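The values are calculated or read from the model by the stated rules, or taken from the named source; none is laboratory data. Keep in mind it's a predicted model, so treat the numbers as computed, not measured. FYI the Cβ positions are ideal-geometry reconstructions off the backbone, even for glycines, and counts take in every protein chain you see. Ligands, DNA and RNA are stripped out before the accessible areas are found, and what is left, the full protein with its side chains, is counted by its heavy atoms. Shrake-Rupley method; radii C 1.70, N 1.55, O 1.52, S 1.80 Å.
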Amino acid sequence: MDDYAQLLTRMESAGALGEGWRGAFERAPRSSFVPDSVWAPDGDSPTGYGLITRADHPDAWWALVNADEVVVTQIDDGLDIGLGIATSSASMPSLVARMLRHLDVVDGNTVLDIGTGTGWTSALLSARLGDAHVTTVEVDRAVAAAAARRLTAAGFHPSCSTGDGLEGQPLRVPYDRVHSTAAVRRLPRAWLEQTRPGGVIVTPWGTPYANAGLLRLVVGGPGEPSHGRFVDNVSFMWVRSQRPHPVTEPTDRPIHRGSSSIDPELALENVDVAFAIGLRVPGVRYHHTWDDTDPGGTYRMRLSDGAGSWASVRHHDWGAADAVQQAGPRRLWDEIVRARRRWLADGEPDLTRFGVTMTPTGEQHVWLDEPGNLIV
């Protein structure tokens, strides 16, 4: 049994493969869709990634492709100069299988696949449902063209188009299912309008603070709201137009200093608290940096909302009078602390207790446990 077949057997044993999907994964192996040149983490590279080619590094290439891991297929939107940010990938096989299980397709369903990427998910859907039932959209022209070539070479012919996936693909509506492999902060109204009542949308969903939820939403009838819950912990690349802002620091605003009432580690204690905090601190993003100005050096958690507010808290001696710095109209670290306390007061809910309602006019509301208990 080869490595890929063994992987499928392990996924099946673990319950990741939904009913009817083993054959699709066999007919559309990931290796047929991963490009010959991929990127692997490399601490010695300026971008943090090293290029692995199928011709020059066949063993390493096959090991990446047949592992239950994400394979990065593009960095920095394909530009030669960048920061080394992964912008396209072939997703982890077990995660792809879980998402397709949540999609809950049946024979005859039509699917809109957002984010063609390598073309692998489109191929799996085509293998399961038939080419005529799958429509896929990719925003990157070069990525879309390469995926179309691989799909054709593998014998699959879904409807492929290039464009902004947030606009869907209106030419083949209505769809029974919408499946996205790019994370959103707000569900686009077009997806709801292009899905039949009772249809299902499955998409990664997150906040700048915690890109962590997999949302499964059932579309309501005409004039009715659509409701859905978070069903899994996932992290995907953002749709390009909803990428969060960079974490910036103020240059001309007065900085307020103080102590922290909690260890900064508790603001990222686990994915559930991070997800809950992100819901209550709109627009706030963080990163960690090493601060050489502190005696002995320390890591700092830095936050900004992209609208002029900024905060920083050091991990060492966080209770000291100067451990926290904040600037701008919002006190971001104070908001983080309050959001964590609210999570504790709510009984430390995991992310699957949260959900989303979309109104017929496109308003998005997040709730805890039931749609009437809104997160405000």
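Whole-percent P(r), segment 92-247, all Cα pairs, 10 Å bins from 0: 11, 43, 37, 8, 0. Only helical runs count toward this figure. For the chain, summing -39,500 (n - 2.57) over DSSP H runs of n ≥ 4 and dividing by all residues gives -7000 deg cm²/dmol at 222 nm. The Kirkwood hydrodynamic radius of segment 16-63, based on inverse pair distances between different Cα atoms, is 12.7 Å. I want to check the label-to-label distance for Asp350 and Arg172. Put each point 7 Å from Cα in the C-beta direction and report it in nm to one decimal. Here the modelled spin labels are 3.5 nm apart. Spin-label model, Ser37/Leu374: points 7 Å from Cα along the beta carbon direction are separated by 5.0 nm. The radius of gyration of the Cα set in segment 137-220, together with its Dmax, comes out at 13.9, 41 angstrom.
Working from the Cα coordinates of segment 242-319, the gyration tensor eigenvalues give, after taking √(5λ), semi-axes of 20, 18, 11 Å in decreasing order.
For a quick protection proxy, order the peptides 36-46, 2-12 by their average other-Cβ count within 10 Å, most packed first.
2-12, 36-46
Charged side chains reduced to their Cβ positions (Lys and Arg at +1, Asp and Glu at -1) give segment 34-139 a dipole of some 380 debye around its Cα centre. Ranking Ile85, Ile336 from most to least accessible surface, computed with a 1.4 Å probe over the protein chains only, gives Ile85, Ile336. Taken over segment 1-141, the alpha-carbon convex hull comes to 119 cubic angstrom per residue. The label-point distance for Asp80 and Ala63, in a model that sets each label 7 Å from Cα toward Cβ, rounds to 3.1 nm.
Springs between Cα atoms under 10 Å define the GNM used for the chain, and in it the highest mean-square fluctuation of Arg253, Arg186, Arg280 occurs at Arg253. Surface composition of segment 253-300: carbon plus sulfur atoms hold 49% of the accessible area, using a 1.4 angstrom probe and ignoring ligands, DNA and RNA. Translational diffusion of the chain, estimated by Stokes-Einstein from the Kirkwood radius over alpha carbon pairs at 10 °C in a medium of 1.306 mPa s, is 72 µm² per second. What would the Debye equation give as log₁₀ I(q)/I(0) for segment 250-370 at q = 0.17 Å⁻¹, counting only Cα atoms as equal point scatterers? Those come out to -0.88, one per q. Report, in degrees rounded to the nearest 10, the 0 to 90 angle that the Cα long axis of helix 3-13 makes with the longest principal axis of the chain. Around 70 degrees separate the two axes.
Rg/Rh for segment 202-284: what does it come to with C-alpha atoms and Rh from Kirkwood?
1.08
Full extension of the chain between Ser13 and Thr47 gives 8.5 nm of extra length, using 0.36 nm per residue less the Cα-Cα distance. Amide H contacts for Trp238 (H built 1.01 Å from N in the peptide plane; partners 5 or more residues away or on another chain; cut-off under 5 Å): Ala183. The per residue volume of the convex hull around the alpha-carbon atoms of segment 83-153 is 98 Å³. Residues in segment 231-237 carry Karplus couplings, in order, of 10, 6, 9, 9, 9, 10, 5 Hz; the curve used is 6.51 cos²θ - 1.76 cosθ + 1.60 with θ = phi - 60°, and Gly or Pro positions show x. Can you give the direction-averaged projected area of the convex hull of the alpha-carbon atoms in segment 322-376, in nm²? The directionally averaged projection comes out at 5.6 nm². Tilt of helix 141-153 relative to the longest C-alpha principal axis of the chain, in degrees (0 to 90, nearest 10)? That helix lies at roughly 30 degrees to the long axis. For segment 173-229, the fraction of C-alpha pairs more than 12 angstrom apart is 62%.
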